[in-house]
Amino acid sequence: MALLKSISGTRGTIGGKTGQNLTALDIVESTAAYAQFLYNNGEAPKVVLGRDARISGEIVSQIVSSTLRMMGVDVIDLGLSTTPTVEIAVAQEGAGGGIIVTASHNPKNWNALKFLNAAGEFISAAEGQEILRLANSGEVEYADVDRLGKHSKAVGYIQKHIDLIFGLELVNTADIKAKNYKVVVDCINSTGAISIVPLLEQLGCEVITINDSVNGRFAHRPEPLPENLTQLSKAVVAERADLGVAVDPDVDRLVFVCEDGEMFGEEYTLVAVADYVLQYRVGNTVSNLSSTQALAEVTKKHGGNYYAAAVGEVNVVKTMKEHDAVIGGEGNGGIIYPALHYGRDALVGVALFLSYLAESEKSVSILRKRYPNYVIIKDKIQLTPEIDIEYLLESLRKKYTNYPQNTIDGLKIFIDGNWIHLRKSNTEPIIRIYTESHSTSTAQHLANKIKQDVRDILKIKEL
């Protein structure tokens with residue numbers, strides 16, 4: 001059981017004791033601090049609220065809504081929705097911010113509050129720090145009885161989202177419809193069933209769904225990784241489909257499966273979509289430090305410049321704005337397309353990818369072969385209270401001092417065309433270890449080597 005209150009929001013497991021898990025009191029405390037933050041910054045006392053389908057979502061959303069209203073904030077409630085849809089709705093409604101009730105890829109016993117600013121983008125680190133301060137400051141002031149906030153339901157925002165996507169210049173709905181693609185979608189028992197499915201149907205696709213009961217009882221671990229998508233892979237082959245689509249519970253991550261059941265690769269979702277966009281909009285790209293270097297190669301091919309950001313959507317967005325990037329995102333299947341909005345968005349990712357696929361006249365597996373075949377190993381170390389992360393990273397930095405390094409987010413070491421990245425997770429009590437190489441054996445060797453280095457530094461036998 002766990003509770004993480006950070007600059008990224010409040011995340012934890014349902015049940016247990018206050019301050020140790022995500023309980024009603026923790027939800028009220030964080031929500032009230034966020035509302036006070038909006039007031040202190042002169043934002044409109046109106047917040048858009050939406051949630052994914054996880055089991056605790058409805059009750060957590062009710063607590064959030066009631067707390068906001070007790071703070072004098074009007075609530076525009078989208079109900080079951082997606083993270084990118086809530087982001088779009090904030091701007092459309094002229095709200096002061098938004099709260100998304102979702103624990104993203106975490107298991108069903110987790111939930112979280114994700115905070116947005118008035119632009120419908122995730123709050124910055126400094127803003128998150130201020131909300132944490134307010135939560136413990138005694139400065140939060142609830143509204144009197146004559147200033148209580150109102151609650152209203154907003155319906156149809158997912159369709160508004162889809163309509164905005166269809167209005168994008170690079171989304172070629174006519175070409176996609178002409179292909180009549182057969183697509184299998186793993187809805188992971190959440191809001192992909194009410195967003196990705198209608199999007200595909202309106203693009204003229206024949207859609208076959210699995211795990212489409214919107215009940216939050218995830219049929220498998222909800223992170224769209226290869227080991228969790230075997231059912232989808234088999235269904236694509238059995239149905240003789242053109243491709244498979246998988247999303248996470250809040251529909252901001254996107255993964256494709258080739259027609260032969262092989263994984264397209266979550267890292268290559270962004271690479272392929274960027275390749276398509278850059279054909280028509282020459283410019284810069286951004287991804288985080290843990291993403292494949294294939295994006296840099298594709299960007300260079302089209303005459304643009306690639307920039308790396310610290311991990312986290314807010315950091316990627318900040319770097320994209322600084323360098324006027326035309327496309328960006330994260331290697332976990334997160335597409336950020338500024339022509340629509342600055343947020344990871346699986347819906348726009350699907351539309352752009354299918355536009356590219358239709359234009360290419362190729363199968364998904366052939367399209368994948370256009371790109372360099374890098375292998376990323378994703379590992380982790382469980383954090384314990386006695387682990388001094390700063391000491392650990394500094395020790396590793398000194399050990400590898402002869403190799404180029406990047407320290408904007410943990411430690412990234414570049415070794416002969418390969419890399420290793422270590423950083424503390426913002427969402428789980430772990431240190432993430434990512435390595436990349438053209439060779440699976442080399443990438444795995446690097447991961448094993450760095451874990452042995454960690455064991456030696458910490459003087460422990462096992463991790």
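Only the coordinates and a few stated rules stand behind these numbers; no lab work does. Predicted model, so just to flag it, every value in this text is computed and none were measured. We place every Cβ from the backbone using ideal geometry, glycine too, and count neighbours over all the protein chains shown.
Quick notes on this one:
- Subset of region 204-229 [surrounded by fewer than 19 Cβ atoms within 10 Å (Cβ to Cβ) and assigned to a helix (DSSP H, G or I)]: PRO226, GLU227
- LEU232 meets the conditions (1) free of Cβ contacts under 8 Å to residues at least 60 places away in the same chain; (2) surrounded by fewer than 24 Cβ atoms within 10 Å (Cβ to Cβ); (3) farther than 30 Å from ILE7 by Cα in every case but one. The failed one is (2).
- Within region 409-423, the residues that satisfy the criterion of being surrounded by fewer than 19 Cβ atoms within 10 Å (Cβ to Cβ) and either outside any loop (DSSP other than H, G, I, E, B) or in contact (Cβ under 8 Å) with a residue 24 or more places away in the chain (or both) are PHE414, ILE415.
- Close pairs from region 142-161: first touching a residue at least 60 places away in the same chain (Cβ under 8 Å), partner among the acidic types (Asp, Glu), Cβ under 6 Å, at least 6 apart: GLY149/ASP74; LYS150/ASP74; LYS153/ASP77
- Segments classed as helices (runs of 4 or more DSSP H), wholly inside region 313-408, with at least 3 members that are closer than 25 Å to LYS449 by Cβ, more than 22 Å from the chain's Cα centre (by Cα) and among the charged types (D, E, K, R): 389-399
- Subset of region 14-38 [of a type outside the set (Val, Ile, Thr), assigned to a helix (DSSP H, G or I), buried (at least 16 other Cβ atoms within 10 Å of the Cβ) and touching a residue at least 24 places away in the same chain (Cβ under 8 Å)]: GLU29, SER30, ALA32, ALA33, TYR34, ALA35, GLN36, PHE37, LEU38
- Evaluating GLY303 against the criteria (1) surrounded by fewer than 22 Cβ atoms within 10 Å (Cβ to Cβ); (2) in contact (Cβ under 8 Å) with a residue 40 or more places away in the chain; (3) of a type in the set (Gly, Ala, Ser); (4) in a loop (DSSP other than H, G, I, E, B) leaves one unmet condition, (2).
- Residue that is farthest from ILE88 (Cα to Cα), among those in region 250-264 that are assigned to a loop (DSSP other than H, G, I, E, B) and out of contact with any Phe, Trp or Tyr (no Cβ under 7 Å at 6 or more places or on another chain): ASP260
- GLU201 fulfils the conditions (1) surrounded by fewer than 15 Cβ atoms within 10 Å (Cβ to Cβ); (2) over 25 Å from the mean Cα position of the chain (by Cα) except for a single criterion, (2).
- Output for region 170-208, where each listed residue is among the basic types (Lys, Arg) and more than 20 Å from LEU229 (Cα to Cα): LYS177, LYS179
- Test: residue in region 253-264 that is acidic (Asp, Glu) and within 23 Å of THR319 (Cβ to Cβ): no
- Residue in region 47-82 that is nearest to GLN159 (Cα to Cα), counting only those that are out of contact with any helix residue (DSSP H, G or I) (no Cβ under 7 Å at 6 or more places or on another chain) and basic (Lys, Arg): ARG54
- Inspection of region 163-181 identifies at least one residue that is buried (at least 19 other Cβ atoms within 10 Å of the Cβ) and in a helix (DSSP H, G or I).
- Any hit, region 440-453, residues being surrounded by fewer than 18 Cβ atoms within 10 Å (Cβ to Cβ) and part of a loop (DSSP other than H, G, I, E, B): no
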